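A short write-up of the structure that comes next.
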Amino acid sequence: MALQVPSRQLFIDGEWREPVLKNRFPIVNPATEQIIGDIPAATSEDVDLAVAAARRALSRNKGKDWASASGAVRAKYLRAIAAKITERKTELGKLEAMDCGKPLDEAVWDIEDVAGCFEYYADLAEGLDAKQKAPVSLPMETFKSYVLKEPIGVVGLITPWNYPLLMATWKVAPALAAGCAAILKPSELASITCLELAEVCREVGLPPGVLNILTGLGPEAGAPLASHPNVDKIAFTGSTTTGSKIMTAAAQMVKPVSLELGGKSPIIVFEDVDLDKAAEWTAFGCFWTNGQICSATSRLIVHEKIAKEFVDRLVKWTKNIKISDPLEEGCRLGPVVSGGQYEKVLKFISTAKSEGATILSGGVRPEHLKKGFFVEPTIITDVTTSMQIWREEVFGPVLCVKTFSTEEEALELANDTHYGLGAAVISNDLERCDRVSKELQAGIVWINCSQPCFCQAPWGGNKRSGFGRELGEWGLENYLSVKQVTQYISDEPWGWYSSPSKL
Ligand SMILES: NC(=O)c1ccc[n+]([C@@H]2O[C@H](COP(=O)([O-])OP(=O)(O)OC[C@H]3O[C@@H](n4cnc5c(N)ncnc54)[C@H](O)[C@@H]3O)[C@@H](O)[C@H]2O)c1
Ligand SMILES: NCCCC=O
Ligand code: NA
């Protein structure tokens, strides 16, 4: 059953605040196309207030309340947030499903991952205390040196709609663990659960200003955050086009950025596989989260010996996927996130057709669903490497297929992309898998699976998929600044200049 969406304001300085310009915009449930609530629309005026609140949070009590408190103190808040999220797991999962259209079972799984990620970074925050003052070995005994890891400062976190609360958490949890103060700007297409995170922070008594959450449009709320002179770093997940704009804005102030961008990831299926196991991973790799995963393995590269049988089997697996309202039991594919995204996905499919590809399966709205932004899982064959469908990210349930005859050819096809986020290889020959993994130009390689993601392991891409790594210890480093402290420990004078006392 659907839920009432809580009506919230912006979260600034530990309080709910109406946007300065008092605007709001509607939330649309993509499965029903109905308006189910509204969210506040922040503008640069609210960004200024949030940045000022974050600055105060860092300097309050000379930093002792947050930025220079021990990691153990911050870990307590992170664990309290994790506990509240776990308490509200079913409700948050439902709200997520209603907002972005992902099947309820997936949404609840995401919320569990959110709680797990806060717990994980609570552990790393505690670990940080022991790592302070790590000695650096120097070649001169007259000096000694150590390293301090300090929070970068005020960070702007800009996130997408495909995993609304999870993508936010991948940034918020390590930023807070590091001792930063943050301003989160979630996607205007799915912000409900991020506003609930604000409520959770309020309930656990997170110090005011440590996390501020501003909902609003990219150009109105995201852009002023990216270019704000008092924001010390921007961490962004979203499209390559927006990532490039953010990098340009940040460059004006030499502000560091980390960018998790789009992808067009390959999955290579060799001839020695178990067809059903490989078909299920191929379907999961592309159609999970309604195909809206940055790392979706949306280019199938299959050995020509098994191609016909494999693709037939794959079509059977996709025909078995339950497409329905995300809240219906057993749903495995919901609608894409919005009307705009629905039109975009259908346009990709019609362009593929007009360029000469074959829409082997899907490509249309499922007949039994008259409303909602639903697209059937789509498999496209007769693809050439110059076609748009091979080159550009669709961000919808669309898989394109090419065949290969040698390992070398498979790798050439796999690496034939400006992106470099994920890649998968399926084969029973594990030596081959290792060899291929080394050659794949991607930040994440899956062997005999596609998409599983653990908060302990690094996440991020190469080429136009961005740079920097989230998750794991790398995720924490994103929010830490390294300070070298070097001391002269000899009693002797330095002796470089002639001493005036000897004149
Ligand atoms: N690499 C990853 O880990 C990862 C994860 C999830 C999604 N993605 C990518 O995200 C994209 C889909 O998400 P999306 O449609 O929300 O992306 P998007 O780039 O349209 O929006 C992302 C965020 O940026 C904001 N934004 C838009 N214009 C802005 C501007 N000029 N200045 C500052 N902020 C601005 C948006 O409001 C939103 O919060 C896909 O390309 C996908 O591959 C990448
Ligand atoms: N499983 C999380 C993937 C995030 C990218 O879209
Ligand atoms: Na929505």
To the nearest µm²/s, what D does Stokes-Einstein give for the chain at 25 °C and 0.890 mPa s, using the Kirkwood radius over alpha carbon pairs as Rh?
102 µm²/s
Heavy-atom accessible area per residue of segment 138-205, all protein chains kept, 1.4 Å probe, expressed in Å², is 24 Å²
Convex hull over the Cα atoms of segment 76-126, averaged projected area in nm²?
3.2 nm²
What three numbers, in Å, describe the spread of the alpha carbons of segment 89-158 along their principal axes, ordered from the longest?
64, 23, 16
Value of Rg to Rh for segment 172-311 (Rh from inverse mean 1/r over Cα pairs, i.e. Kirkwood)
1.13
In whole Å, what three semi-axes, largest first, describe the equivalent ellipsoid of segment 361-406 built from its Cα gyration tensor (square root of 5 times each eigenvalue)?
26, 12, 7
The Cα radius of gyration of segment 114-221, divided by 2.2 N^0.38 Å with N its residue count, comes to 1.33
Links that overshoot a 26 Å alpha carbon limit, given the list K89/K319; K94/K171; K185/K344:
K89/K319
With no solvent and one point per C-alpha, what does the Debye sum give as log10 I(q)/I(0) for segment 259-310 at q = 0.12, 0.25 Å⁻¹?
-0.28, -0.93
Mind giving me the FRET efficiency for E329 and H418? R0 is 51 Å, r the Cβ-Cβ distance, nearest 0.05 is fine.
0.80
Which value in deg cm²/dmol, rounded to the nearest 500, describes the helix-derived mean residue ellipticity at 222 nm for the chain, given -39,500 (n - 2.57) per DSSP H run of n ≥ 4 and division by the residue count?
-11500 deg cm²/dmol
Dimensionless Rg/Rh of segment 386-486 - Kirkwood Rh, Rg from C-alpha atoms
1.05
What net charge do the residues around P256 carry, taking every other residue with its C-beta under 9 Å from that of P256, with Lys and Arg at +1 and Asp and Glu at -1?
+1
Equivalent ellipsoid semi-axes, segment 451-503, via Cα gyration tensor eigenvalues times 5, rooted, Å
50, 14, 7
Of the beta bridges DSSP finds with both residues in the chain, what % are antiparallel, to the nearest 5?
45 percent
Between N23 and R56, what is 0.36 nm times their sequence separation minus the Cα-Cα distance? Round to one decimal in nm.
9.3 nm
Over segment 314-453: Rg over Rh, Cα atoms, Kirkwood Rh:
0.99
At a 1.4 Å probe, what is the % contribution of carbon and sulfur to the accessible area of segment 94-225?
58 percent
Of all the Cα-Cα pairs you can form in segment 304-381, what percent are over 17 Å apart?
51 percent
Figure the gain on full extension for W109 and V254 (residue separation times 0.36 nm, minus the Cα-Cα span) and round it to one decimal in nm.
48.4 nm
Starting from 0 in steps of 10 Å, tell me what percent of the Cα-Cα pairs of segment 238-378 lands in each bin.
10, 34, 32, 17, 7, 1
Provide the FRET efficiency to the nearest 0.05 for the E91-C453 pair, computing r from the beta carbons and using R0 = 22 Å.
0.40
Give the span of segment 1-119's Cα atoms along each principal axis, as three whole-Å numbers ordered largest to smallest.
51, 37, 16
Using every Cα-Cα pair within segment 271-351, state what percent have a distance larger than 17 Å.
55 percent
Regression test value, accessible area per residue of segment 322-477, probe 1.4 Å, units Å², expected 44 Å²
At R0 = 30 Å, FRET efficiency that the Cβ-Cβ distance of R432 and K319 yields, to 0.05:
0.45
I'd like the accessible area for F467, computed on protein heavy atoms only with a 1.4 Å probe and all protein chains in place. Round to 10 Å², please.
80 Å²
When Lys and Arg each count +1 and Asp and Glu each count -1, what net charge do the other residues less than 13 Å away from A69, Cβ to Cβ, add up to?
+1
Rg followed by Dmax, in Å, when segment 1-63 is reduced to its Cα trace:
15.5, 51
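The values are calculated or read from the model by the stated rules, or taken from the named source; none is laboratory data. Because the structure is predicted, anything quoted here is derived from the model rather than measured. Neighbour counts run over all protein chains shown; Cβ positions are idealised from the backbone, glycine included. The area values use the complete protein model at the heavy-atom level, side chains included, leaving out ligands, DNA and RNA. Shrake-Rupley method; radii C 1.70, N 1.55, O 1.52, S 1.80 Å.
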